[in-house]
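As structure tokens, the structure follows; a few thoughts come after it.
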Amino acid sequence: MAWLLPRRCYLKVCSQTSRGPFLSSIVRAWSGGPLTAYMPEAVSFPGSKNHQGLYRMSVEQVDTFWGTLGRNRLTWISPFHSVQDCNLEQGWVAWFLGGQLNVAVNCLDRHVHRAPNKVALIWEKDEPGKEVQITYRELLELTCRLGNTLKRQGVKKGDRVTIYMPPCPLAVASMLACARIGAIHMLVFAGFSAEALADRIQDAQSETVITVNQGLRGGRVTELKQTVDQAVKWCPKVKRVLVSMRTEQKVPMSDLDVPLDEEIMKEDVCCEPVAMDSEDLLFLLYTSGSTGKPKGLVHSQAGYLLYAALTHKYVFDYHDGDVFGCVADIGWITGHSYVVYGPLCNGGTTVLFESTPLYPDPGRYWETVERLRINQFYGAPTAIRLLLRYGDKWVKKYDRSSLKILGSVGEPINTEAWEWYFNVVGEARCPVVDTWWQTETGGICISPRPSDPGDEIRPGLAMRPFFGISPCLLDDKGNVLTENDVSGALCISQAWPGMARTIYNDHKRFLFMFLTATGFFFTGDGVYRTSEGYYQLTGRLDDVINISGHRLGTAEVEDAVNQHAAVAESAVIGYPHNIKGEGVYVFLVLKKGIYISRETLTADLQELISKKIAKYAAPEYVQITSRLPKTRSGKIMRRVLKKIVENKAHQLGDLTTLEDYEAVQKIIEEHKCLL
Ligand code: WTA
């Protein structure tokens with residue numbers, strides 16, 4: 001690729017960075033503080049023996065615990081004066097106040113000084129066996145060139161930069177270049193449609209888009225630049241589209257478009273990092289909630305980075321020299337925290353996986369593990385369920401002796417998948433860490449901690465809170481459930497450094513959605529606390545569905561369905577799907593006097609939803625009915641429809657508010673015919 005630079009450039013950046021003006025102003029972490037007594041080295045946690053004690057300290061002596069880590073783990077330009085100032089009741093969360101740092105310096109420069117030739121990224125390209133390795137020095141250079149390109153194009157501190165790219169080194173460098181110059185990045189998963197992309201660009205008031213000519217996934221080409229062209233037509237404020245060449249294929253370039261690979265090569269390999277306040281915005285990431293359009297969650301600099309780095313190190317027991325393989329797309333929060341920020345802040349080697357679990361065959365993950373000698377593998381239950389259907393031979397064909405830990409994220413992992421992952425993939429010697437967290441939480445919150453050898457791990461349980469996390473369960477009246485062997489709504493009762501700070505331009509909505517009147521962070525998930533006090537996640541409590549680990553608001557899909565000319569009203573439900581976890585099921589009523597076959601309507605809606613949202617959101621089932629079940633006040637009773645699609649029509653629960661029982665009977669009969 002054009003931006004893989006000749007060696008002389010590394011020398012230049014190396015000599016300049018070592019004398020660079022910013023370095024002299026970096027206040028090196030100061031060691032000491034009460035926590036060091038527990039630590040074998042000044043900057044790491046002790047072994048297992050003290051885990052419980054450390055956990056208690058993390059939630060009870062917040063300033064001591066997090067202050068020591070903040071000083072020891074991050075490199076500051078100017079030190080913070082207060083560890084935190086948080087009041088969840090008022091929705092105010094701030095960590096490391098008064099401190100200034102640069103996230104790119106923390107992820108790159110300080111490692112370049114120590115080990116410039118250490119591999120930072122291994123880009124596992126879609127084409128198997130064609131991986132590209134990028135050292136810390138190369139990544140720093142690329143980031144600096146890109147930072148200079150952005151500045152030359154007029155991007156300033158605080159501007160939002162949209163990144164619509166598949167996993168590739170340039171995407172990582174784009175994130176870090178934004179961080180270096182103080183811009184705020186906003187990744188949009190490269191599977192989202194032009195409309196979904198345009199909605200996000202507009203909501204974020206972003207003037208800059210970075211993309212590639214084409215994507216390549218599972219051997220298939222995706223026309224990413226075309227999608228961007230379409231999206232920017234609806235976004236008059238976009239001033240520039242920076243286009244890199246992932247494939248050889250030329251694409252039409254307009255006045256807005258900038259050939260990125262050529263521009264990068266003209267720029268200097270040094271780019272002064274901007275001193276950012278701890279609470280300045282680092283990135284926005286849009287995610288689905290139970291109502292309306294996706295919201296731009298805001299993560300800030302220091303707290304997020306520290307939390308991503310710590311969870312990466314301790315949940316996965318990451319050690320220097322390990323190769324960390326998180327196969328999530330960088331467009332999701334898992335990609336942000338565990339492909340990019342966590343591993344790079346720790347100076348690790350991280351894999352960027354561009355392909356799919358089935359390309360070119362169902363052995364792809366394990367062939368990659370063998371070839372790259374991956375030590376920690378982090379993936380989603382949906383892929384595990386898919387692969388176990390192809391049998392053990394695709395796994396056993398490859399050497400997996402490098403593996404030490406297997407991670408799972410995105411949805412509950414069912415026992416069959418857990419057992420297969422543990423016994424077949426991990427040969428019953430690698431702990432499986434089922435990690436629960438959310439875009440809102442910034443990093444893993446509940447998970448076994450295998451670096452503590454005393455820790456027990458149970459299939460299907462996320463087990464224990466990570467440092468700083470105080471889970472609490474609420475009943476449906478908002479009372480705190482203190483006992484064990486109890487189910488409730490999962491909340492977190494005190495602020496932690498990695499949590500999202502707000503919704504972009506809508507703090508009121510953030511308060512309304514995530515903070516209870518009593519000052520708890522409300523996750524939207526249900527949880528069971530076992531008699532031993534372990535946590536088992538039981539699924540969403542709201543109208544969010546989880547398809548292959550991707551969140552989707554039913555309201556978003558209904559909004560798209562209702563735009564079809566034949567549809568009067570609709571209700572969208574998630575139904576149990578044995579590979580994807582959940583699938584999309586649409587109930588709808590046609591407009592009066594319209595006739596359209598179910599097959600045609602299904603095909604239309606699949607196309608419409610792929611266009612408006614993304615392919616993964618397309619419905620599998622469409623059921624046309626004459627009336628939707630409603631309460632006497634006219635609200636659709638989704639709870640009743642959910643029972644029907646789960647084939648639990650015999651357990652519809654309390655129907656006293658239902659207006660029209662016959663409508664339900666009819667829907668049950670129609671549903672049976674449809675299956
Ligand atoms: C679900 C992904 C059970 C949950 C990191 C959460 C899980 C939503 C797990 C967040 C898990 C994630 N067990 N459910 N280990 N991990 N979830 O924002 O419903 O894309 O609220 O973040 O995924 O999805 P998000």
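The values are calculated or read from the model by the stated rules, or taken from the named source; none is laboratory data. Treat the numbers as computed from the prediction; the structure is a model and nothing was measured. Cβ: placed from backbone, ideal geometry, glycine included. Neighbour counts: every protein chain shown. Side chains included, ligands, DNA and RNA excluded: accessible areas come from the protein's heavy atoms. Shrake-Rupley method; radii C 1.70, N 1.55, O 1.52, S 1.80 Å.
Does Ser355 fit the bill of being touching a residue at least 60 places away in the same chain (Cβ under 8 Å), under 26 Å from Val544 (Cβ atoms) and surrounded by 21 or more Cβ atoms within 10 Å (Cβ to Cβ)?
On the way: touching a residue at least 60 places away in the same chain (Cβ under 8 Å): yes; under 26 Å from Val544 (Cβ atoms): no; surrounded by 21 or more Cβ atoms within 10 Å (Cβ to Cβ): yes.
For Ser355, the condition - touching a residue at least 60 places away in the same chain (Cβ under 8 Å), under 26 Å from Val544 (Cβ atoms) and surrounded by 21 or more Cβ atoms within 10 Å (Cβ to Cβ) - is not met.
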### Residue that is touching a Phe, Trp or Tyr at 6+ places or on another chain (Cβ under 7 Å), open to solvent by less than 10 Å² (accessible area, probe 1.4 Å), part of a loop (DSSP other than H, G, I, E, B) and away from the ligand (no atom under 15 Å from the Cβ), where the choices are Gly468, Gly443, Gly498
Gly468
### Task
Hey, can you tell me all the residues within the stretch 510-532 that are more than 16 Å from Lys477 (Cα to Cα) and away from the ligand (no atom under 16 Å from the Cβ)?
Leu511, Phe512, Ser531, Glu532
### Message
I'd like to check which strands (runs of 3 or more DSSP E) are fully inside the stretch 60-124 and have at least 1 residues that are touching a Lys or Arg at 6+ places or on another chain (Cβ under 8 Å).
### Response
92-97
#### Entry: Unmet requirement for Val369, which otherwise passes all of (1) open to solvent by less than 10 Å² (accessible area, probe 1.4 Å); (2) of a type in the set (A, V, I, L, M); (3) within 19 Å of Leu187 (Cα to Cα); (4) not in a strand (DSSP E or B)
(3)
### Conditions (1) in contact (Cβ under 8 Å) with a residue 40 or more places away in the chain; (2) more than 16 Å from the ligand (Cβ to nearest atom); (3) buried (at least 20 other Cβ atoms within 10 Å of the Cβ); number of the one not met by Met463
(2)
### Summary
(1) out of contact with any Gly (no Cβ under 8 Å at 6 or more places or on another chain); (2) within 16 Å of the ligand (Cβ to nearest atom) all hold for Tyr378 apart from (1)
#### Entry: Filter result (within 22 Å of Lys615 (Cβ to Cβ), touching a Leu at 6+ places or on another chain (Cβ under 8 Å) and open to solvent by 10 Å² or more (accessible area, probe 1.4 Å)) within the stretch 229-249
Val232, Arg246, Thr247
### Summary
Taking the stretch 183-228 and keeping residues surrounded by fewer than 20 Cβ atoms within 10 Å (Cβ to Cβ) and part of a helix (DSSP H, G or I) leaves Ala194, Glu195, Gln202, Gln226
### Query
Which of the residues spanning the stretch 137-182 are open to solvent by less than 10 Å² (accessible area, probe 1.4 Å) and acidic (Asp, Glu)?
Glu141
### Message
Quick check on Asp476: is it surrounded by fewer than 16 Cβ atoms within 10 Å (Cβ to Cβ) and away from the ligand (no atom under 14 Å from the Cβ)?
### Response
yes
### Query
Among the residues of the stretch 621-636, which ones are part of a loop (DSSP other than H, G, I, E, B) and at pLDDT 95 or above?
none
### Message
Can you tell me how many residues within the stretch 586-623 are touching a Phe, Trp or Tyr at 6+ places or on another chain (Cβ under 9 Å), β-branched (Val, Ile, Thr) and more than 15 Å from Glu558 (Cβ to Cβ)?
### Response
1
### Query
Could you count how many residues in the stretch 92-121 are of a type in the set (Gly, Ala, Ser) and open to solvent by 10 Å² or more (accessible area, probe 1.4 Å)?
2
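Given the options Thr516, Thr502, Thr523, Thr482, name the one that is at pLDDT below 95, more than 22 Å from Tyr318 (Cα to Cα) and not aliphatic (A, V, I, L, M).
Thr516
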### Query
So which residues in the stretch 389-423 are away from the ligand (no atom under 16 Å from the Cβ), open to solvent by 20 Å² or more (accessible area, probe 1.4 Å), outside any loop (DSSP other than H, G, I, E, B) and not charged (D, E, K, R), if there are any at all?
Trp394, Trp420, Asn423
### Summary
Exactly one of Asp434, Asp455 is within 19 Å of the chain's Cα centre (by Cα) and either more than 13 Å from the ligand (Cβ to nearest atom) or not small (Gly, Ala, Ser) (or both), and that residue is Asp434
